[in-house]
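Q: Take this structure, written in structure tokens, and hold onto it; I'll ask about it next.
Please treat every number below as a calculation from the coordinates, not as lab data. Because the structure is a prediction, the values reported are computed rather than measured. Glycine gets a Cβ as well: all are built from the backbone with ideal geometry, and neighbour counts include every protein chain shown.
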């Protein structure tokens, strides 16, 4: 097994370990809502929760991974090569940041947010889940960009 395959396998395991619980919880809540008439948890001040969770989803799905990449590139721009261990740590941290977004979708489902906020949070979640999936093409591209040496 090559280093690239090992890297991709470890990242995929981490990705699914972080994403699966949130996806299962959202699915369960939405199925309850559809078949049992679950209206969501009603807390006083629930409306005050919508905007911060929406902003958190935008931050974890879009802004923080981009800022983290910019920081990584800035720190390593003068290096001719990056080690595979360093690339793994960078990719792993990026996956952790991005996979916080599905938990915002869980909160939106649980509290039955208004359609605007819920749809935005779901879109951020879909973007983060799609864009940060450690596919073969993505890992090969990252290895080329950062000139990874095994």
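Q: State the Cα centre-to-centre distance between region 1-30 and region 95-150 in whole Å.
A: The two parts, judged by their Cα centres, are 11 Å apart.
Q: What's the extension gain from residue 31 to residue 77 if we count 0.36 nm per residue and subtract their Cα-Cα distance? Each step should come with its number before you reach the end.
A: Numbers: separation 46, 0.36 × 46 = 16.56 nm, distance 4.78 nm.
Extending this stretch completely gives an extra 11.8 nm.
Q: Moving to a separate point now. With springs connecting C-alpha atoms under 10 Å apart, model the chain as a Gaussian network and identify which of 129, 25, 17 has the largest mean-square fluctuation.
A: 17
Q: Now for a different question. When a/c is below 1.5 the answer is rounded, else prolate if a/b is larger than b/c, else oblate, so apply that to region 95-150 with a ≥ b ≥ c taken from the square roots of the Cα gyration tensor eigenvalues.
A: Numbers: a/c = 4.70, a/b = 3.32, b/c = 1.42.
Cα axes put region 95-150 in the prolate bin.
Q: Also: What is the calculated FRET efficiency for residue 2 to residue 63, with r their C-beta to C-beta distance and R₀ = 25 Å, to the nearest 0.05?
A: That pair, residue 2 with residue 63, gives E of 0.15.
Q: What's the long-distance tail for region 3-130, i.e. % of Cα pairs beyond 27 Å?
A: On the way: 2378 of 8128 pairs.
That tail contains 29 percent of the Cα-Cα pairs.
Q: Hey, what's the Cα Rg ratio for region 1-58 versus the globular rule of thumb, 2.2 N^0.38 Å? Kindly include the intermediate steps, with their values, before the conclusion.
A: Working: Rg = 17.6 Å, N = 58, 2.2 N^0.38 = 10.3 Å.
Here the Cα radius of gyration is 1.71 times the empirical estimate.
Q: Relative contact order, percent, of the chain when contacts are C-alpha pairs under 8 Å separated by at least 6 residues? Intermediate results must be reported in sequence, preceding the final value.
A: Working: 146 pairs, mean separation 60.0, N = 150.
Rounded, it is 40 percent for the chain.
Q: Highest mean first, how do 142-149, 37-44, 102-109 rank when packing is the count of other Cβ atoms within 10 Å averaged over residues?
A: On the way: 142-149: 15.2, 37-44: 10.4, 102-109: 24.4.
Answer by packing, highest mean first, reads 102-109, 142-149, 37-44.
Q: By how many nm would the segment from residue 42 to residue 149 lengthen if fully extended, with 0.36 nm per residue of separation less the alpha-carbon distance?
A: Working: separation 107, 0.36 × 107 = 38.52 nm, distance 5.31 nm.
The residue 42-residue 149 span can extend by a further 33.2 nm.
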